[in-house]
Amino acid sequence: MRIGSPMEIWEYLPGTNCGECGEKTCLAYASLLKDRKKSLEDCKPLFEPKYADKASKLMDLLAPEVREVKIGVGARTMKIGGEDVLYRHELTFFNRTALTYDVWDTMDEAELRVRVKEITDWRKFYVGEFLTLDAIAIRSVSDDANTFATCVKCVAEETDLPLVLCSFNAEVQEEGLKTVSDRNPLIYAADKDNWSEMLSLAKRYKVPVALFSPDLNMLNSLAVTFSSAGIQDLVLDPGTYPTGNGLRDSFSRFVQLRRAGIGEQDKQIAYPLIAVPMTAWQVLEDALEASYWEAVIADTFILRYADMMILHSIEPHSLIPERTLVANIYTDPRRPVSVDAGLREVGNPTAESPLFLTTNFALTYYTVESDIASNKIDSYLMVVDTDGLGVEAAVAGGQLNANVIKETIDSHEIGKKVKNETIVLPGLAARISGETEDATGWTVLVGPRDSGRIPGWMETSWPPENAS
Amino acid sequence: MPKEITLADIMDILEEYEVIELEDVSIEGEIELEISSDGAVPTSLIQILQSMLGVVDKQIEATLSTRSSLIQILQPAQLPQLSAGETKVQSLVPAKFEVAKAEWNGQIEEVTLGATSSDGGTRGNVVTIGGEKALPFYNFDNQMPHPPVISVDCFDMPIPLAKAVRGYYDDVMEDPGEWAKKNVQEFGADMVTIHLISTDPMINDTSAKEAAKTVEEVLQAVKVPIVIGGSGNPDKDPAVLEAAAEVAEGERCLIASANLNMDYERIAKAAQDYGHVILSWTQLDINAQKTLNRYLFKLGVPREDIVIDPTTAALGYGLDYAYTNIERMRIAALKGDSDLAFPISCGITNAWGAREAWMKDSPIREDSDWGPAAYRGPLFEIVTGLTLGIAGGDLFMMMHPKAAKTVKRVTQMLFGAKTDDDKAIGLADWVKWRPEK
Ligand code: B12
Ligand code: SF4
């Protein structure tokens, strides 16, 4: 999408300002379309036959620079690509790098099922939601069609995650594909040797296909061949070298491909990209070293344009930083960093429940809220407006002080809810406990420095001894 | 030989794909087809239509209309010899991949830290950063002149450290000189940062004079260039950094830092009077960074004596802000904004503020197991460092030896330094890679 002004979109809308899209005017809707905050489907009238011409032009105009490809079916379908910018501050990135973890067909069945389940169920709470993993790659190590098919079947039974079938052998690939073609898996991969068979498979089973070649002319050639044959759901793998100059060159290939796609609008090559950080395991023997290096490669290509990647380590020390980085890079930089001030109820608090205080920085708020909620502590959480700063920065910068606390108590009539007139301050705000007592006349307790420690603190410090 | 097809054949195909309407069919003009279907437009249909109409050079537009999507397809010029009935594509369409170089007007200032005896100092070597004419590691646009540099932190007093880090420094915590030495000799630090945190009135309120002695100790203990950091207390830092700059005269240390909410003028003057480089530090705010830099220019600080610190926030705790802030500054500088065209320093040690880096278990019950903290912590530091390196960081202040080593190794590779790391592997061999038990 290359649009300077909403007017360029508005031209093609019905122009009736009917309001069905939820906006007052077509122009207002056009500007939301431009920022990709609404989608074309929201304007129902546009799909009337008389607007067909306009609709098709708009579809064209609004198509993202990088093609969007869907892998999998159902609730956990993953969308990759669909990006419009090279740097997140220019708009935002849309479809997060899909983290795909591997299993292989020589695993014993019990182990296989455990691993699949672990990948499927993994989650970590972060800023108000659970982070999860995106897909499972099934590698044919055996190179035997039946072994592969059995493995694929077993994985499919165990998970609803999208699947990536990995084998360069078209016969093996087809046996696997047969068992799960209704799951819209990605087949990995067509290359300079097997492309013709892979093309037939992709066509026959109507599934997305990855194209592999570190030679970008060849990769381009494969892409054009496939798209000309009507296969547009392509994912490109320009090769991920794990170390040395090979890594440097891989980096350059990813950047150049994306630059061609977005910067130069070269549609022939504007497909999602796939990186394979698990190549680290081929050069490093020690498992910890390999998992670290794999995370390093993942980091590099999360930032530089991989739309999906295949990884091996499912140790928590790998998953947590990898998935957190994806979450960070793919958050919308236009999103507000703060939540509303006020009084929240966690669980089913009574007038005797503790009243915790925190700031309105989203990260702080959600962290504290989930720490309390997941430990089932019925309580009140008072959120103070600190201009979206976390506790320590807000104390240091003066945004969290006795006066704002008093104002918050008054304006939200917090005294009516809690009886004990006691506030629990974050440990990092200990400095302002005295002045807060003076300003509010309430009792002030200092909690732990990290809200994760509130449960332990409750055991020793709540209810307060001098409570009446 | 293409097979002849009749109108009836076409009707069959159209019916099979539930083509409802065929309108505006004109051999000269555009052809519009409305097809109602849930899947993609089948290639065979396109091929047949194409051969039927005998057009290879004309634009065919097939617009597929469904409730949820309209898809545009087909560039006939690119079609390989498609003919009716033939489904197997025989040969690859030749193509050449081409992409232009990015041209930038700006260049990042080149800044040298440390001074050897020939320049009036006592350092064994100097370290030069900056000078970029392209984004980090975009060597295909313009070779990066210097790889990023790592300065390992030490402190003027024992400090609480995450367990995973503490073990490395337990024996040197009481002695900043020994600490600095260890950083260089054992951990391969390019530089050492001495943080004079005990000078904070809220901590030990160590005098500026005492602090200066610590700086002397460190300078004697190591031969690498050093960074001198205050406590971050805006009232005390000017005096502390002034005294430190004086005892380090001529060594071209990096003085950390000048900040808008303090008497930066005094720090800038001390740095200039005693021959040092100044670190201009702001909090995730491009305009504040421009403002502070302009103040420094006004005070007569030469451009080659400025490094900037736009603030580092940890992975999961604001790294997105830090990343984008640095990336934006670097792009603005390359586009020609000379207020921002300076090497960037990042306090990567901040990564240990993330609780995932040090906390034993997740406080959230529904979380999957967090595994041993000892493995998580270094990776939080590594990811924070590498991420900001790719955004535009030139100098990383770090803490965990393994993290420092890893960030150094990967940035050297991306930079293109000679490494003996090019193990030959088949790039697609991972598909058949068999993990050891
Ligand atoms: C990111 C950051 C910033 C960002 C803030 C972004 C934001 N929206 O908050 C920016 C760049 C704006 C910033 C600015 C400043 N910062 Co700052 N900043 C940080 C940094 C790197 C991370 C802070 C963070 O986000 N932590 C994560 C959040 C989730 O933590 P939190 O809010 O504290 O919440 C935790 C606990 O407090 C607790 N908790 C929270 N609520 C509750 C409630 C209860 C009841 C309990 C029990 C516990 C609890 O649990 C939470 C989860 O762990 C830290 C350094 C570090 N690594 O910690 C410095 C730091 C906080 N900043 C610091 C300073 C000095 C400042 C400035 C004053 C700098 C300046 N001179 O201008 C300004 C102040 C703001 C201003 N100018 O108005 C100092 C504070 C020193 C001190 N102790 O006084 C720090 C520690 C850095 C340092 N070592 O110098 N900063
Ligand atoms: S639904 Fe369509 S026609 Fe109606 S106001 Fe919105 S954009 Fe305009």
Output for the range B:354-410, where each listed residue is of a type in the set (Gly, Ala, Ser) and touching a residue at least 40 places away in the same chain (Cβ under 8 Å): B:ALA354, B:ALA357, B:ALA373, B:ALA374, B:GLY377, B:GLY389, B:ALA391, B:GLY392, B:GLY393, B:ALA403, B:ALA404
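Residue-wise test of (1) charged (D, E, K, R); (2) in a loop (DSSP other than H, G, I, E, B); (3) more than 10 Å from ligand 2 (Cβ to nearest atom); (4) at positive phi.
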{"position": "A:ILE3", "(1), (2), (3), (4)": "no, yes, yes, no"}
{"position": "A:PRO14", "(1), (2), (3), (4)": "no, yes, no, no"}
{"position": "A:ASN17", "(1), (2), (3), (4)": "no, yes, no, yes"}
{"position": "A:CYS21", "(1), (2), (3), (4)": "no, yes, no, no"}
{"position": "A:LYS24", "(1), (2), (3), (4)": "yes, yes, no, no"}
{"position": "A:SER56", "(1), (2), (3), (4)": "no, no, yes, no"}
{"position": "A:MET59", "(1), (2), (3), (4)": "no, no, yes, no"}
Candidate set: the range A:430-468, residues that are polar (S, T, N, Q) and more than 14 Å from every other protein chain (Cβ to nearest Cβ); chosen: the one farthest from B:ALA354 (Cα to Cα): A:SER468
Filter pass, A:ASP332 being modelled with pLDDT under 95, facing chain B (nearest Cβ under 8 Å) and either open to solvent by less than 10 Å² (accessible area, probe 1.4 Å) or within 30 Å of A:ARG258 (Cβ to Cβ) (or both): no
Options B:VAL240, B:VAL247; residue that is open to solvent by less than 30 Å² (accessible area, probe 1.4 Å) and either of a type in the set (A, V, I, L, M) or in contact (Cβ under 8 Å) with a residue 40 or more places away in the chain (or both): B:VAL240
Filter result (without any contact (Cβ under 8 Å) to a residue 60 or more places away in the chain and touching a Ser or Thr at 6+ places or on another chain (Cβ under 9 Å)) within the range A:428-447: A:GLU437, A:TRP442, A:THR443, A:VAL444, A:LEU445, A:VAL446
Matching residues, the range A:335-352, being touching a Phe, Trp or Tyr at 6+ places or on another chain (Cβ under 9 Å), more than 10 Å from chain B (Cβ to nearest Cβ) and open to solvent by 10 Å² or more (accessible area, probe 1.4 Å): A:SER338, A:VAL339, A:LEU343, A:ARG344, A:GLU345, A:PRO349
Residue, farthest from A:PRO336 (Cα to Cα), within the range A:56-101, restricted to residues that are crowded, with 22+ Cβ neighbours inside 10 Å and small (Gly, Ala, Ser): A:GLY72
Count - residues of the range B:177-194 that are open to solvent by less than 40 Å² (accessible area, probe 1.4 Å) and either without any contact (Cβ under 8 Å) to a residue 40 or more places away in the chain or in contact with a Phe, Trp or Tyr (Cβ under 7 Å, 6 or more places away or on another chain) (or both): 3
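Residue-by-condition table, conditions (1) in contact (Cβ under 8 Å) with a residue 12 or more places away in the chain; (2) within 16 Å of ligand 2 (Cβ to nearest atom); (3) under 22 Å from B:GLY232 (Cβ atoms):
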residue: B:LEU279; (1), (2), (3): yes, no, yes
residue: B:ILE286; (1), (2), (3): yes, no, yes
residue: B:GLN289; (1), (2), (3): yes, no, yes
residue: B:LYS298; (1), (2), (3): no, no, no
residue: B:GLU304; (1), (2), (3): yes, no, no
residue: B:VAL307; (1), (2), (3): yes, no, yes
residue: B:ARG330; (1), (2), (3): yes, no, no
residue: B:LEU334; (1), (2), (3): yes, no, no
residue: B:ASP337; (1), (2), (3): yes, no, no
Subset of the range A:223-243 (residues that are more than 7 Å from every other protein chain (Cβ to nearest Cβ) and open to solvent by less than 30 Å² (accessible area, probe 1.4 Å)): A:ALA223, A:PHE226, A:SER227, A:ILE231, A:LEU234, A:VAL235, A:LEU236, A:ASP237, A:PRO238, A:THR240, A:PRO242
Residue in the range A:268-303 that is nearest to the other protein chains (Cβ to nearest Cβ), counting only those that are surrounded by 24 or more Cβ atoms within 10 Å (Cβ to Cβ) and assigned to a loop (DSSP other than H, G, I, E, B): A:VAL276
Boolean, A:GLU369 is of a type in the set (D, E, K, R), touching a helix residue (DSSP H, G or I) at 6+ places or on another chain (Cβ under 6 Å), within 14 Å of chain B (Cβ to nearest Cβ) and crowded, with 17+ Cβ neighbours inside 10 Å: no
Unique match (being surrounded by 14 or more Cβ atoms within 10 Å (Cβ to Cβ) and within 13 Å of chain B (Cβ to nearest Cβ)) among A:LEU27, A:LEU33, A:LEU40, A:LEU13: A:LEU40
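Each row is one residue, and each column tells you yes or no for (1) open to solvent by 10 Å² or more (accessible area, probe 1.4 Å); (2) modelled with pLDDT of 95 or more.
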position	(1), (2)
B:ALA341	no, yes
B:LYS360	yes, no
B:SER368	yes, yes
B:VAL410	no, yes
Residues within the range A:93-131 that are at the interface with chain B (Cβ under 10 Å from one of its Cβ atoms), in contact with a Lys or Arg (Cβ under 9 Å, 6 or more places away or on another chain) and either in contact (Cβ under 8 Å) with a residue 60 or more places away in the chain or among the small types (Gly, Ala, Ser) (or both), tallied: 5
Unmet criterion (only one of (1) within 29 Å of A:ALA373 (Cα to Cα); (2) touching a Leu at 6+ places or on another chain (Cβ under 6 Å); (3) away from ligand 1 (no atom under 16 Å from the Cβ)) for A:ILE136: (1)
Answer residue from the range A:422-441, given it is surrounded by 20 or more Cβ atoms within 10 Å (Cβ to Cβ) and hydroxyl-bearing (Ser, Thr, Tyr) and is farthest from the chain's Cα centre (by Cα) among those: A:THR440
Enumerated strands (runs of 3 or more DSSP E) restricted to the range B:269-353, each holding at least 2 residues that are within 12 Å of ligand 1 (Cβ to nearest atom) and among the β-branched types (Val, Ile, Thr): none
Scan of the range A:31-52 for residues that are aliphatic (A, V, I, L, M) and more than 7 Å from ligand 2 (Cβ to nearest atom), ordered by number: A:LEU32, A:LEU33, A:LEU40, A:ALA52
Enumeration of residues in the range A:448-459 that are under 33 Å from the mean Cα position of the chain (by Cα) and either closer than 18 Å to A:VAL391 by Cα or free of Cβ contacts under 8 Å to residues at least 60 places away in the same chain (or both): A:PRO448, A:ARG449, A:ASP450, A:SER451, A:GLY452, A:ARG453, A:ILE454, A:GLY456
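Residue-wise test of (1) more than 12 Å from every other protein chain (Cβ to nearest Cβ); (2) open to solvent by 10 Å² or more (accessible area, probe 1.4 Å); (3) on the phi > 0 side of the Ramachandran plot.
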{"position": "B:MET329", "(1), (2), (3)": "no, no, no"}
{"position": "B:ALA332", "(1), (2), (3)": "no, yes, no"}
{"position": "B:THR349", "(1), (2), (3)": "yes, yes, no"}
{"position": "B:PRO378", "(1), (2), (3)": "no, no, no"}
{"position": "B:MET398", "(1), (2), (3)": "yes, no, no"}
Matching residues, the range A:244-267, being facing chain B (nearest Cβ under 7 Å) and more than 16 Å from A:VAL85 (Cβ to Cβ): A:GLY244, A:ASN245, A:GLY246, A:LEU247, A:ARG248, A:PHE251, A:SER252, A:GLN256
Wholly within the range A:128-221, strands (runs of 3 or more DSSP E) carrying at least 1 residues that are among the acidic types (Asp, Glu), open to solvent by 50 Å² or more (accessible area, probe 1.4 Å) and within 23 Å of A:ALA306 (Cβ to Cβ): A:129-131
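The values are calculated or read from the model by the stated rules, or taken from the named source; none is laboratory data. What you see is a predicted model, and the numbers here were worked out from it, not measured in a lab. Heads up, the Cβs are rebuilt from the backbone with ideal geometry, glycines too, and the neighbour counts pull from every protein chain shown. Note: accessible area is taken over every heavy atom of the protein model, side chains too, but ligands, DNA and RNA are not part of it. Shrake-Rupley method; radii C 1.70, N 1.55, O 1.52, S 1.80 Å.
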